[in-house]
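First comes the structure, then the notes that go with it.
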Amino acid sequence: MIFLEETVDLARIDSGDGAFRITTRRRTDDIRHSIPIIGLLNPPFVGATADGYRIVSGFRRIAACRETGRNRVRVRILPEGTDPVICVRLAVADNALQRPLNLIEQSRALNLLATVFSDPVQMNTSASLLGLPAHPALVKKILPLCRLPETIQEGILTGGVTLAIAEALQRYEPETAVVLVRLFEGLKLGLNRQREVLGLLDEIAAREDTPLLDVLNDRPVQEVVSDPETDSARKSSRFIDLLKRRRYPYIYRKADAFQRDVARLKLDSGIHLN
C-alpha cells in the first residue's frame, strides 16, 4: 500500500464526505484533551481528490483537531485513484481491530465491504479477517440496520431495540416502525414483551382489516400510553391487557361476565372458583 505522510491544511479536508464513516460516536472529548499534550499518535488516512482530501479513517481525530483550533494536521495520504478495496479495508480495520463495534457500526462496515465485493464468499471472508460477523445468516440481518430510520438506529444503540426486534420492524412502513420504537422505549418493554405486543398488534390489524398505525393511534391506546400518572410497569400491563381485550373480545366478555356472577354470590373470602 502506497501513501505519503504529510501535514496538510484542515481546510482542504472534506469532513462532509461520510462515505467511509463507520463510527457512531460523535463526541471527541477523549481525543481533544490529549491532542495539545501528545498530538495525534495515529495520523488519519485521507484520499487525495481533485479538490483536496476525503477522510478514509479518523473522522473523530480530524473533528477534534478542528475543535482545538488547529489549522493543520498530520495525515497519511492515499494517492488519487487508490483501489477502493484498499480504502474500504483501511476504514473497516481502523475501527474494527481497535474496539468492539456496535450493531450500527457493524452494519456500516459490512455495507462498505459489500460495495467492493460482489461475491458474498469474498465479502464474508474479508469480514471474518477484519473481526466482523461473517456467518451469511447473521450478515443478512445486520446489513440493513444502518439504513433504518434514525429513531430505530438510536434505539439499537441505547439497547432498547434488539437485533431480533430490529429485524421484525423492517416488515413495517418506516413511520409505523418509528412509532413502535417510541412505544417500546416509553413503556420500557423487554424483548419478550415487545414480541408479544407486535404479535397482538399484527393480529388486531389483520382481524379488523385496518392499518397497524391506526390501531396505535386509537384513543383508548393513546390514553393508556400517554397517562402521566402511571409508572411504566403498570402502564405496560394496562396496555397489553387493552390489546388482549381487543384481540380476544369474546373471551374477555365471557371472563368479565363470570367475574360479575361470582361477585354477586358474595362468597366467603376463603372460597375461590376456578
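Residues in the range 76-108 that are crowded, with 20+ Cβ neighbours inside 10 Å and on the phi > 0 side of the Ramachandran plot: there are none. Restricted to the range 150-224, the set of helices (runs of 4 or more DSSP H) holding at least 3 residues that are touching a residue at least 60 places away in the same chain (Cβ under 8 Å) and in contact with a strand residue (DSSP E or B) (Cβ under 8 Å, 6 or more places away or on another chain) is empty. Against the conditions (1) surrounded by 15 or more Cβ atoms within 10 Å (Cβ to Cβ); (2) outside any loop (DSSP other than H, G, I, E, B); (3) at pLDDT below 95, Asn111 satisfies every one except (3). Restricting attention to the range 160-174, the residues being open to solvent by 40 Å² or more (accessible area, probe 1.4 Å) and among the β-branched types (Val, Ile, Thr) number 1.
Limited to the range 114-135, what total is found for residues that are touching a residue at least 12 places away in the same chain (Cβ under 8 Å), open to solvent by 30 Å² or more (accessible area, probe 1.4 Å) and among the hydroxyl-bearing types (Ser, Thr, Tyr)? Final tally of qualifying residues: 1.
Cβ-Cβ contacts under 7 Å between residues 6 or more apart (or on different chains), taken from a first residue in the range 29-44 that is under 21 Å from Leu4 (Cα atoms) to a second residue that is surrounded by fewer than 11 Cβ atoms within 10 Å (Cβ to Cβ), are listed as Pro43/Glu5. Checking each residue in the range 1-43 for being in a helix (DSSP H, G or I), at pLDDT below 90 and over 11 Å from Cys65 (Cβ atoms) picks out Asp29, Asp30, Ile37, Ile38.
The values are calculated or read from the model by the stated rules, or taken from the named source; none is laboratory data. The structure presented is a predicted model; accordingly, all values stated were derived computationally and were not measured. We place every Cβ from the backbone using ideal geometry, glycine too, and count neighbours over all the protein chains shown. Please note that ligands, DNA and RNA were not included when accessible areas were found on the heavy atoms of the full protein model with its side chains. Shrake-Rupley method; radii C 1.70, N 1.55, O 1.52, S 1.80 Å.
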